Amino acid sequence: MKTRQIKMLIRETALKEMPEILNKIDLSSIEIIPAFQEENAKPFTSLRRVLTYSFSFLFILVSSVLIFNSLSNPVSPYEAALENETEIIGFQAVSATSLLSESFTTPLSLSMTSDTPSILLLGGIETTSVIESEIDIINKYLNMMEVVIGNKETLLYQSKLSEDDAYQTQISFKSMDLLGNLVQFQLYYNTTQDGDLELIDGIMIHNEITYTIHGELSNSGEVIQSQFQASIDENNYVIVQDITDTTGQKFLYKIYENASLINESEISLDLTNTSIKAKINTRFQNENCQMNIEKADNGAANSGFSVNYILNNETSLVGQIDVSVEMNQVSGMYQYRYTITENEDTDEIICNRQDKGNTQANDDDFTTDDDSDDSNDTNTTTSQCPGRSDNCGKNCYNEDYLITSIKNLNVI
Amino acid sequence: MYINFDDYIELLKLKDDKAFELVYEHTKRGVFSIIISIVKDKSETEDLMQETYIKMLKNINSYQIGRNFNAWLLQIAKNIAIDFYRKNHNVTAYDPQEQSYIFDKAASLENDSSPHEVNELLKPLDDEERQVVLLRIVSNTKFKDIAKTLDKPLGTVLWIYNKGIKKLKDTVRKE
């Protein structure tokens, strides 16, 4: 039974049962409560005025206390999705590289000619909505999200001594894609001091492709800009800027293709229970668009995304995108199927999905070396602080250290 | 047909029959939907619908022009239904044993259009999903109005709706 038939069945069944009561209501017998009289209002008004002043005073008092507290205690009120410096640096590098790899490598999931877009509108439907016409950009972000959001237990950022002699520091990142495959990124970098700035230069390796990474870390003490750039060449690159504030962890992404900015989006991360979700704020065709993205958890394996979106121009328009991964029977590669529901209309679009990993992940992949020999219950090991050739001697999970780290973090 | 309910408020205050009929015809599905989503006892629906419209008319002076009349009326219906439910909640105890009933009914529709009770059809849904699905499908209420009536964010309402529809589809597919 199709959706339309189900809806029709419900509608018809309900309408058959709906009683007609129009003739049973005697309007003449109903006494309408009179409008509020100004004369009667005077005593109440004065009481209301007293209450208004009282509550205003109370509100100002409470606000003042809260503002004073927030100024004197800058600890973030939110639960951070990224807990320490390794995760923050790693997230920026991995997400930027992931966006870059989706943007500039050959589409794999569809066998198409070189000038064919990596998008297939099913059933010959036209792009009738803003979302459908911007699906190319959305698909870039979804490819990236598949790697960096989801269950935190399957997201591991690990800082360690570099295995490559050319670099001081290595951050290893592991996650699990929607097919249950292990996804790996390796970031190698050196740091040099330039006044108040700590410059970071390195490489990111993913699926045997190497990307150039450049960054900046400010140690001025005050907050702070942070920026991180992953490049294929001088004209094609992704910049991610940490714009975290007291309301949450946020990052600004700019995608440049052929030296032109093709999209700018703000992504904020949210930790719910043990799951990282993302919110994208961007502009499509002069409309503000907000998308709430989370991996749809179907038991043991994640099998897709659920995306709520709101388009906001003169009026608000809401919609839902369900994204599933499926195999293209012709190419044998996996692809995304977008089911977009807006205004009761549902369209389906097939989009390219970047190959992320080839071997099935298991629990051991997300166990750090320390997990096996001590009682440390964290899943990220920071035996050496990133950006330093020596051990700083501090536990990176120490709260004071963390706050300082996050405040001072200016990564480019 | 779209109508601006605010154009009829003054006439309602004068108890104008035609204005009341027009408002009734354009809102009865929503009122019915919200009531049966809370009170599953069919025999009470009629009384509660009457009570809703009577209360609406009695309080018409408290409605402020420019606000959302439909959402206001649905809120009245919802409050009346909830009041009734609180007083008589034992009448509508949920029987999980009958959960599969909907599927038999749904399947049989393809062969025969015999009448069904809508709440039986929606048994796989929880209360929230039932409310949203009924308001959207039966009365074509805007998601914005549903959100206001149920006091939930727009995105949440859409989420609930899609979840409900998917549940119904899955249920029918399994059968």
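What follows is calculated from the coordinates using simple rules that are stated; it is not laboratory data. Remember, predicted model here, so these are calculated numbers, not experimental data. Every residue, glycine among them, receives a Cβ derived from its backbone with ideal geometry; neighbour counts consider all protein chains shown.
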Exercise for the section: Provide a whole-number value for the mean count of partner chain Cβ atoms within 10 Å of the Cβ atoms in peptide A:21-32. Expected result: 6
Exercise for the section: Under 26 Å Cα to Cα from A:K356, which lysines show up? Leave out anything in the same chain fewer than 8 places away. Expected result: A:K140, A:K152, A:K160, A:K174, A:K250, A:K254, A:K277, A:K279, A:K295
Exercise for the section: Can you tell me the order of A:200-212, B:25-37, A:250-262, B:48-60 when each peptide is scored by its average per-residue count of other Cβ atoms within 10 angstrom, highest first? Expected result: B:25-37, B:48-60, A:200-212, A:250-262
Problem - Amide H contacts under 5 Å for A:M176, placed H, 5+ residues apart - result: A:V183
Exercise for the section: Could you run the Karplus curve 6.51 cos²θ - 1.76 cosθ + 1.60 with θ = phi - 60° over the range B:35-42 and give me ³J(HN,Hα) per residue in whole Hz, x for Gly and Pro? Expected result: 5, 6, 6, 9, 9, 8, 7, 4
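Calculate the FRET efficiency for A:L51 and A:N286 from the Cβ-Cβ distance with a Förster distance of 56 Å, rounded to the nearest 0.05.
Details: r = 45 Å, r/R0 = 0.80.
According to the calculation, E is roughly 0.80.
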Completion exercise
Calc'd 3J(HN,Hα), the range A:316-331, phi into Karplus 6.51 cos²θ - 1.76 cosθ + 1.60 (θ = phi - 60°), Hz, glycine/Pro = x, comes to 8, 10, 10, x, 9, 10, 9, 10, 10, 9, 9, 8, 7, 5, 7, 8
Handout entry: In nm, spacing of pseudo-spin labels at B:K55 and A:I30 (7 Å Cα→C-beta vector)
Key = 1.3
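With 10 angstrom as the radius, rank A:S64, A:S306, B:S139 by how many other C-beta atoms surround their C-beta, starting from the fewest.
Values: A:S64 10, A:S306 18, B:S139 25.
By the 10 Å Cβ count, ascending: A:S64, A:S306, B:S139.
Can you put A:T192, A:T341 in order, fewest other beta carbons within 10 Å first? List each step's numbers first, then the result.
Values: A:T192 9, A:T341 18.
Final ranking by Cβ density, sparse to dense: A:T192, A:T341.
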Exercise for the section: Return the distance in nm (one decimal) between the two label points of a simple spin-label model at A:L58 and A:E266, each offset 7 Å from Cα along Cα→Cβ. Expected result: 3.3
Problem - Label zone at B:K166, where the point sits 7 Å out along the Cα-to-Cβ direction: the range A:315-341 residues whose backbone N lies under 13 Å - result: A:320-325, A:338-341
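Can you figure out the FRET efficiency of B:E25 with A:E257, using R₀ = 45 Å and their beta-carbon distance, to the nearest 0.05? Walk me through the intermediate numbers first.
Numbers: r = 55 Å, r/R0 = 1.23.
Efficiency for this residue pair is about 0.20.
If r is the Cβ-Cβ distance from A:S331 to A:T274 and R0 is 25 Å, what FRET efficiency results, to the nearest 0.05?
Working: r = 35 Å, r/R0 = 1.40.
For R0 = 25 Å, the calculated efficiency reads 0.10.
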Practice task
Mind giving me the nanometre distance, one decimal, between the label points for A:D365 and A:E348, set 7 Å out from Cα along Cα→Cβ?
Solution key: 2.8
